[in-house]
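The structure under discussion appears below in the form of structure tokens.
The values are calculated or read from the model by the stated rules, or taken from the named source; none is laboratory data. Note that the structure is predicted; figures quoted are calculated from it, not measured. Cβ sites come from the backbone with ideal geometry, for glycine too, and all protein chains shown count toward neighbours. For the accessible areas, the whole protein counts, side chains as well, though only heavy atoms, and no ligand, DNA or RNA atoms are used. Shrake-Rupley method; radii C 1.70, N 1.55, O 1.52, S 1.80 Å.
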Amino acid sequence: MTSIADAPAQLPCADCRAIVPDRGQMNEIENSRLKTLFNREDLYPMYPSIALSAQAGCKLCALVRQRLTASIPREDISSIEESSGRLIWAPHERQKKQLSTAWDRRVTIQAVFDFTPYTAGLSPSSPAHHEEISTHRDEHQRGGAVTSLWISYRPIAGALHLVDGNPWSGYTFEFPVFDSIDLNSPRSEWRRQLPSSATLSDDNVTKIKHWINECLESHPQCFNAQAHEYWIPSRLLEINHGDLGLRIRLVESSDLSPRNGIKFAALSHVWGNQDSSPPLRLLSSNIYQFKDGIKVSELPKNFVDAAQVCARLELRYLWIDSLCIIQNSLGDWREQAALMHLVYRYALITIVATSATSCHGGFLKRSIDSVPAVKVAYSLLASEERPNPGDSYMIIYDYDNPQDSYHMFAINGSKWNTRAWTMQERSLSTRMVHFCRNKIFFECRGCLQSEENEPTQESDTINSTLWPRDASVSFEEFYQHWQLFVGEYTSRNLTVSTDKLPAIQSVAEEMMAVTEHKYIRFAGMWRDKLQRELLWNVSFGRAERLDVWRAPSWSWAAVEGQISLWQRDFRNSQQCRPDTLLDCLAQHSFEVLDIDQEYPDPQSADPGFLKVRSLVKRIDLVQKHAGPENGRSFFPYDLSIENPSNDDGIGNSRKTFAFGKLDVEDLMDLDTYATAPGMFLYLHVNSNARATGLILRAQTYDQAKGPCTWRRIGIATLFLDRSETPILNDAFSRSDVPQVTVLI
């Protein structure tokens, strides 16, 4: 692609000359689409008319037809053509689909351009540009850039229907565009840039340094809350690059002199399969060897590439988790894990191996020169604003992966962004350089930039994982971020399942450092929010419990599944009518009496215990609701008690007092077997929340005293969902006394 930049622009065919990004439309309507006069008819799915134009020399027709047909396997093209107009190809599902009626396969093909403004406060990032960008419009660029060409095909006969009843009206493909007006802008901050053939080209290195300096000088939201402090990790890798190539060794920061002013980078990457190809690791047995020097030939490609980045940016020190934390020392691991949030906070940059799928993948190699691209001339009508309309051209190209056309897909759609560990690394980093496939991004709390300098869209900057840095942020504001964070975090993947809490600990450490609130490390929960957090629920899909202990049953980290901590009050127990169930419950508070030590022994009798005092009620039967759903999808189980005085004459003496939701559906066959007497318990937690309490199962049992410790198996409500109407009016009475319960 890069070689085409200096080639002469070619004039396209007569039809394609109508594909013109006319910014004059911006005078008529402020929108993000520039319409064209291109409207061509052809035959689906091989487009023979476009094929003839391509054969006659139209490069744009060749590029478009390649994209329109490339997604359909050759054998499927044949079957579609032979189906008498009854089959189509669905690109998203990558499969054939059948129409309810036949069609003539005639389509109309149209083209529009995306026009994206350089929005104030988003790009460029400096606040000094805010007023100028928001009020001034350049007469040629019109305050933005042409970023994409959208080619769509639609049935001439109108919308059709598939046999499943869903409509089908064709499809739309996106091609990234560089317009000569944007490439030659007199304003450097609005000037588009073609990607470099080499990742660490001089131009890209200059860009990265500029982004870093601009952030340091102009982004107050990126300043460290403890900016007056100075901190470096306990260990760093020292990078030297000379005539003999890279030389890398491990150093103790206590041995560095002077320590003040040392700048370092951190690496964020995907480890990959640790069984078949683990990364080189620091062990207690090789620490002195690493201090003498680490052979570059033994390092994974990601580590070598990160060192190359440091050398080009003139950064002497680099932090890599597997080489700076002693991996077989639990003590060192715990000590360094508690400080990891400071690594990403104080690193000058975090080097992100976004495109690498393992530590051995590397992230500096590019294939940009093989990306298909065309440079076509276009002509606008001459006017006072456009005295030389014939000099305009566009460079249009096609991605190897069509999803890469989405601006942030290279980051948000990467394997790196699906990993649990990398979520906290992204969240806590002060500034990041993402090395994506054929493109570099710079991300911080003040801006999102790329080497192509396309305008940033507002949706690209909405990233709830970036942790706030303002020292005035309250614990309640932090906690809102925490709730969102846990929701996304629990949808991500972990190679080692027992890393569930260690991989989020740094975010908690960051919160504790600023707010000084107590965090329960072995449960992943906040002491001041425990009453609400105990009512966590599986928000999406199915969950499962692990065979190994990683957290107590009352912690969200005990299950594998997507979790929601978010709670909203649906009732007000302080302003309820007297002599109601809600009023009765308000007479007794939920109390936390004791919590286990910070690092409980999983082999102990009751690891991670939580002792509470609250109202409880024995459950005699947990059974899937047999009647109509009627809003019972969230709480599909009935919790019942035996009540002989309520015998209905046919042997049914049970009363349902609560509705429940199990954490893991396959715990046992609760639909078939009544629970053993005294083995299941409802523990009341919070009257105001949607779920009001926990469903517990006895874990240890004393023949004389009965159950001693309990495990959580679900949540329950005493009220009809989201209302103050009780399921059973006398579920509790004023004579009920709170009991001490120990959860493990």
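So here's what we get for this one:
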{"quantity": "Filter result (of a type in the set (Asp, Glu) and open to solvent by 10 Å² or more (accessible area, probe 1.4 Å)) within region 150-192", "calculated": "164, 174, 189"}
{"quantity": "Test for residue 245: is it small (Gly, Ala, Ser), touching a residue at least 12 places away in the same chain (Cβ under 8 Å) and farther than 21 Å from residue 415 by Cβ", "calculated": "yes"}
{"quantity": "Condition broken by residue 248, with the remaining ones in (1) in a loop (DSSP other than H, G, I, E, B); (2) within 30 Å of residue 417 (Cβ to Cβ) satisfied", "calculated": "(1)"}
{"quantity": "Scope region 84-99; condition open to solvent by 20 Å² or more (accessible area, probe 1.4 Å), over 18 Å from residue 150 (Cβ atoms) and either in contact (Cβ under 8 Å) with a residue 12 or more places away in the chain or of a type in the set (Phe, Trp, Tyr) (or both); matching residues", "calculated": "84, 86, 87, 94, 96, 97, 98"}
{"quantity": "Region 613-631, subset crowded, with 16+ Cβ neighbours inside 10 Å and hydrophobic (A, V, I, L, M, F, W, C), residue nearest to residue 653 (Cα to Cα)", "calculated": "621"}
{"quantity": "Lone qualifier among 51, 9 - being open to solvent by less than 30 Å² (accessible area, probe 1.4 Å) and among the aliphatic types (A, V, I, L, M)", "calculated": "51"}
{"quantity": "Cβ pairs under 8 Å, 6+ apart, first in region 715-740 and in contact (Cβ under 8 Å) with a residue 60 or more places away in the chain, second open to solvent by 80 Å² or more (accessible area, probe 1.4 Å) and part of a loop (DSSP other than H, G, I, E, B)", "calculated": "734/587"}
{"quantity": "Residue list for region 507-545, filter: open to solvent by 50 Å² or more (accessible area, probe 1.4 Å) and among the hydrophobic types (A, V, I, L, M, F, W, C)", "calculated": "513, 540"}
{"quantity": "Residue within region 569-583 that is of a type in the set (A, V, I, L, M), assigned to a loop (DSSP other than H, G, I, E, B) and touching a helix residue (DSSP H, G or I) at 6+ places or on another chain (Cβ under 9 Å) present", "calculated": "no"}
{"quantity": "Lone unmet requirement of (1) at pLDDT 95 or above; (2) in a loop (DSSP other than H, G, I, E, B) for residue 695", "calculated": "(2)"}
{"quantity": "Where a residue in region 185-210 is farther than 24 Å from residue 309 by Cα and its partner, wherever it lies, is open to solvent by 40 Å² or more (accessible area, probe 1.4 Å), with Cβ under 9 Å and at least six apart", "calculated": "185/140; 185/191; 186/140; 189/129; 191/184"}
{"quantity": "Where residue 555 falls short, out of the listed (1) in contact with a Ser or Thr (Cβ under 8 Å, 6 or more places away or on another chain); (2) under 24 Å from residue 418 (Cα atoms); (3) polar (S, T, N, Q)", "calculated": "(1)"}
{"quantity": "Residue in region 676-685 that is at pLDDT 95 or above and farther than 20 Å from residue 609 by Cα present", "calculated": "no"}
{"quantity": "All helices (runs of 4 or more DSSP H) inside region 280-332 with 3 or more residues being in contact (Cβ under 8 Å) with a residue 40 or more places away in the chain and within 33 Å of the chain's Cα centre (by Cα)", "calculated": "301-312, 321-324"}
{"quantity": "Considering residues of region 559-607 that are touching a residue at least 60 places away in the same chain (Cβ under 8 Å) and basic (Lys, Arg) only, the residue farthest from residue 665 (Cα to Cα)", "calculated": "571"}
{"quantity": "Answer residue from region 62-76, given it is more than 15 Å from residue 107 (Cβ to Cβ) and in contact (Cβ under 8 Å) with a residue 40 or more places away in the chain and is nearest to the chain's Cα centre (by Cα) among those", "calculated": "71"}
{"quantity": "Any hit, region 346-354, residues being open to solvent by 10 Å² or more (accessible area, probe 1.4 Å) and in a helix (DSSP H, G or I)", "calculated": "yes"}
{"quantity": "Qualifying residue in region 380-389 (condition: in contact with a helix residue (DSSP H, G or I) (Cβ under 6 Å, 6 or more places away or on another chain), open to solvent by 50 Å² or more (accessible area, probe 1.4 Å) and modelled with pLDDT under 95)", "calculated": "yes"}
{"quantity": "Near pairs, Cβ below 7 angstrom, 6+ apart or cross-chain, from region 495-520 (touching a residue at least 40 places away in the same chain (Cβ under 8 Å) and within 16 Å of residue 563 (Cβ to Cβ)) to any residue that is among the polar types (S, T, N, Q) and open to solvent by less than 20 Å² (accessible area, probe 1.4 Å)", "calculated": "503/424; 504/424; 507/424; 507/427"}
{"quantity": "Among (1) of a type in the set (D, E, K, R); (2) open to solvent by less than 40 Å² (accessible area, probe 1.4 Å); (3) touching a strand residue (DSSP E or B) at 6+ places or on another chain (Cβ under 7 Å), the one test that residue 321 misses", "calculated": "(3)"}
{"quantity": "Check on residue 268, touching a helix residue (DSSP H, G or I) at 6+ places or on another chain (Cβ under 6 Å) and surrounded by 14 or more Cβ atoms within 10 Å (Cβ to Cβ)", "calculated": "yes"}
{"quantity": "Of residues in region 243-268 being hydroxyl-bearing (Ser, Thr, Tyr) and closer than 17 Å to residue 230 by Cβ, the one farthest from the chain's Cα centre (by Cα)", "calculated": "257"}
{"quantity": "Set 368, 294: member being touching a strand residue (DSSP E or B) at 6+ places or on another chain (Cβ under 9 Å) and over 30 Å from residue 16 (Cβ atoms)", "calculated": "294"}
{"quantity": "Of all residues in region 546-571 being open to solvent by 60 Å² or more (accessible area, probe 1.4 Å) and out of contact with any Gly (no Cβ under 9 Å at 6 or more places or on another chain), the one that is nearest to residue 500 (Cα to Cα)", "calculated": "548"}
{"quantity": "Filtered residue count, region 30-77, keeping only those that are outside any strand (DSSP E or B) and under 23 Å from residue 157 (Cβ atoms)", "calculated": "16"}
{"quantity": "Residue 237 more than 27 Å from the chain's Cα centre (by Cα) and exposed (fewer than 14 other Cβ atoms within 10 Å of the Cβ)", "calculated": "no"}
{"quantity": "Answer residue from region 698-744, given it is open to solvent by 10 Å² or more (accessible area, probe 1.4 Å), within 14 Å of residue 606 (Cβ to Cβ) and of a type in the set (S, T, N, Q) and is modelled with the highest pLDDT among those", "calculated": "709"}
{"quantity": "Matching residues, region 407-449, being without any contact (Cβ under 8 Å) to a residue 40 or more places away in the chain and either small (Gly, Ala, Ser) or surrounded by fewer than 21 Cβ atoms within 10 Å (Cβ to Cβ) (or both)", "calculated": "409, 412, 413"}
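This table checks each residue for (1) part of a helix (DSSP H, G or I); (2) among the charged types (D, E, K, R); (3) under 31 Å from the mean Cα position of the chain (by Cα).
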residue: 145; (1), (2), (3): no, no, yes
residue: 161; (1), (2), (3): no, no, no
residue: 199; (1), (2), (3): no, no, yes
residue: 213; (1), (2), (3): yes, no, yes
